[in-house]
Amino acid sequence: MDTLGWLFILAAALIARSVYKGRVLNIGQDLSDAFLALINRDGGALGAALSRTGDAATPTIDTSSIGEVGAAAGDIVAAANGAILVTEVLKLGKAAKGYRWTATGPDYYDCSGLMWRGCKNTGLFTGVRFTTYTLGTAATGKAFQRVTTPQIGDIVCWPTHHMGVVTGPDQFYSAKSTKLGIGYAKISTWMKSRPYYYRPTQDMSVSHAN
């Protein structure tokens, strides 16, 4: 089974145990952490994410918690989309030869070229090539939602300068430069200006299931 198949099996298992273990409001974070551990083949981190419990050791779903489950459903979709995008961008970056301005692969990418190709390959965005100038504008329509609290799989963007995909706390992956190549970096030290964060809005759990 490919990585995508395992991601959806993991999502289903985590949703079920989150309901039982009283972690409905934490599903998004649990999914993000578990997906990242699976991608990195980190058994210890995966086990830690799967072993978390909430305040209650008994099922917490009743008629009063329907609103909480509905809110958590959005987190589930966002976490699944994020895991899909991170997986694809890492695959593209590791297979590439390096950075080249305006390139969109498969041998070379610039920062926006790598992110656009990742979104295009996964179906998260099917529009025209976006850049650090156009992400979040009318050119990308409603495909991306600007968010203030980033999670794994969100696009971090310094408008007109740089962009990449969030892979963990204060960490992102991008096509950095001709000298630095493609790889990880810290968000907090990349630039002095504060970045924006964008989240793909398409529900890939539905798209891939059909």
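Here, each number is a calculation from the coordinates, and none is a lab measurement. Computed from a predicted model, the values in this text were never measured in an experiment. All Cβ positions, glycine included, derive from the backbone under ideal geometry; neighbour counts span all protein chains shown.
Just a few scattered comments:
- Under 25 Å of direct C-alpha separation, and excluding same-chain neighbours fewer than eight residues apart, LYS179 reaches these lysines: LYS91, LYS94, LYS97, LYS192.
- Dividing the mean sequence gap of close Cα pairs (under 8 Å, 6+ apart) by how many residues region 97-207 holds gives a relative contact order of 28 percent.
- Loop-located trypsin sites (Lys or Arg not before Pro) across region 121-151 with a Cβ neighbour count of 16 or fewer within 10 Å are ARG129, LYS142, with loop assigned by DSSP.
- Stretchable slack from LYS97 to SER177, in nm (0.36 nm times residue separation minus alpha-carbon distance): 27.6 nm
- Annotation: peptides 189-199, 88-98, ranked by per-residue average of other Cβ atoms within 10 Å with the highest first, follow the order 88-98, 189-199.
- The H on the amide N of GLY181, modeled in the peptide plane, is under 5 Å from the matching H of TYR99, LYS176, each at least 5 residues off or on a different chain.
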